[in-house]
Amino acid sequence: MAIYFTPLIFNCIFQVIKKLFKISEISVFGKKINYDKLYLIIFFSILFFISAFRPYTVGTDTSHYIGFYNSYLEEGISYLINLDIELGYKILIYLSAFFSNSRFLLIITSLIICIGYYLFIKKNSNDVYFSSFLFVTLYCFCLSLNIQRQSISMLFIAESIIRLSDNDYK
């Protein structure tokens, strides 16, 4: 359980450093990068590793997703065609099977979720520290461990609403 406090501690440390030293940009490998952007990248990388490399027993639906994956490997494409889940998730199962390890299904879904929320917060937040803090403390991150398919769907809905409000239909 203590591992879930890591991103929150990291959040506090980055905020204190920014406030004390009034940092807006930082040089990384000789290239200047926005401090808030660097924070978000590191923050969501931590969340990605927590999510992608968690035990299969973490998350109420994780065992079902792994079961879908293993059944597909055993029974073949006909199992996947007849499976009653979203087409996009069937494609994720199919693509992750190229790696012959169920861990890659969690890695791919965790990557999609973390990149999606990273982009959402980066694009729409005036205070990335507070937004990322709320993402963890309001249980959104923990929910993404439990309901991966629905979390991916929520990202599509959020992006759609933003594009509709901006009149960007591409």
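Do you know which residues across segment 97-112 are open to solvent by 20 Å² or more (accessible area, probe 1.4 Å), assigned to a helix (DSSP H, G or I) and not hydrophobic (A, V, I, L, M, F, W, C)?
R103
S132: open to solvent by less than 30 Å² (accessible area, probe 1.4 Å), under 25 Å from K19 (Cβ atoms) and either assigned to a loop (DSSP other than H, G, I, E, B) or at pLDDT 95 or above (or both), yes or no? Show your work before the answer.
Working: open to solvent by less than 30 Å² (accessible area, probe 1.4 Å): yes; under 25 Å from K19 (Cβ atoms): yes; either assigned to a loop (DSSP other than H, G, I, E, B) or at pLDDT 95 or above (or both): yes.
In short, yes.
Residues in segment 51-95 that are open to solvent by less than 80 Å² (accessible area, probe 1.4 Å), of a type in the set (V, I, T) and not in a helix (DSSP H, G or I): how many?
Counting residues in segment 51-95 that are open to solvent by less than 80 Å² (accessible area, probe 1.4 Å), of a type in the set (V, I, T) and not in a helix (DSSP H, G or I) gives 2.
Of all residues in segment 113-126, count the ones that are surrounded by 17 or more Cβ atoms within 10 Å (Cβ to Cβ) and among the aliphatic types (A, V, I, L, M).
So the count comes out to 2.
Take the residues of segment 147-170 that are polar (S, T, N, Q) and open to solvent by less than 30 Å² (accessible area, probe 1.4 Å): which is farthest from Y65 (Cα to Cα)?
Taking segment 147-170 as the starting set, the residues that turn out to be polar (S, T, N, Q) are 148, 150-151, 153, 160, 165, 167.
Now drop any that are not open to solvent by less than 30 Å² (accessible area, probe 1.4 Å), which leaves 148, 151.
Details: Q148: 9, S151: 14 Å.
The residue in question is S151.
List the pairs whose first member sits in segment 9-37 and is closer than 20 Å to N126 by Cβ, whose second member is among the small types (G, A, S) and in a helix (DSSP H, G or I), and whose Cβ atoms are under 7 Å apart, counting only residues at least 6 apart or on separate chains?
N11/S132
Might you let me know whether segment 30-48 holds any residue that is closer than 22 Å to C142 by Cβ and not hydrophobic (A, V, I, L, M, F, W, C)? So that I can check it myself, show each step before the final result.
Here is the first cut: in segment 30-48, the residues closer than 22 Å to C142 by Cβ are 39-48.
Pick out the ones that are also not hydrophobic (A, V, I, L, M, F, W, C) and you get 39, 45.
Yes, there is a match, as at least one residue in segment 30-48 is closer than 22 Å to C142 by Cβ and not hydrophobic (A, V, I, L, M, F, W, C).
The values are calculated or read from the model by the stated rules, or taken from the named source; none is laboratory data. This one's a predicted model, so the numbers in the text were calculated from it and none came from an experiment. FYI the Cβ positions are ideal-geometry reconstructions off the backbone, even for glycines, and counts take in every protein chain you see. Remember, those area values only see protein heavy atoms, side chains included, never the ligands or the DNA or RNA. Shrake-Rupley method; radii C 1.70, N 1.55, O 1.52, S 1.80 Å.
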